[in-house]
Amino acid sequence: MTARVDHAVTTGTFSLDGQTFDVDNNVWVIGDDTECVVLDAPHDVDAILRVVGQRRVRAILATHAHDDHVRAAPALARA
């Protein structure tokens, strides 16, 4: 098995304490050619799925629970 690490940047908003900011977020996809885990799921499910490709997503891991890091996780899990 050959491990691989893929990366993308998604753009969206981050809200905290009544303020909203435009932000870019990293998405890391770690695994091999058949399965992977997604580290953070911000903003754009389609962009994340382009990085995942045909691999099976075994888990979606969040580095923390700010809305910009987890917003797309439910939709990604369904996809």
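The values are calculated or read from the model by the stated rules, or taken from the named source; none is laboratory data. Only a predicted model underlies this, so the values are computations on that prediction, with no experimental measurement involved. FYI the Cβ positions are ideal-geometry reconstructions off the backbone, even for glycines, and counts take in every protein chain you see. These accessible areas exclude ligands, DNA and RNA; they are computed on the full protein's heavy atoms, side chains included. Shrake-Rupley method; radii C 1.70, N 1.55, O 1.52, S 1.80 Å.
I'd like to know which of VAL23, ALA73, GLY53 lies farthest towards the positive end of the charge dipole of the chain, counting +1 on Cβ of Lys and Arg and -1 on Cβ of Asp and Glu. Sorting the options by dipole projection puts first GLY53.
Of the whole protein surface, LEU76 contributes about 10 Å² of accessible area at a 1.4 Å probe radius. The relative contact order of region 16-57, computed from alpha carbon pairs under 8 Å that lie at least 6 residues apart in sequence, is 35 percent.
Take every Cα pair under 8 Å whose residues are at least 6 apart in sequence, average their separation, divide by the length of the chain, and the relative contact order is 29 percent.
Using C-alpha positions alone, give me the convex hull volume of the chain per residue in cubic angstrom. The partial results should precede the final answer.
Working: hull volume 5.8 nm³, N = 79.
About 74 Å³ per residue, rounded to a whole number.
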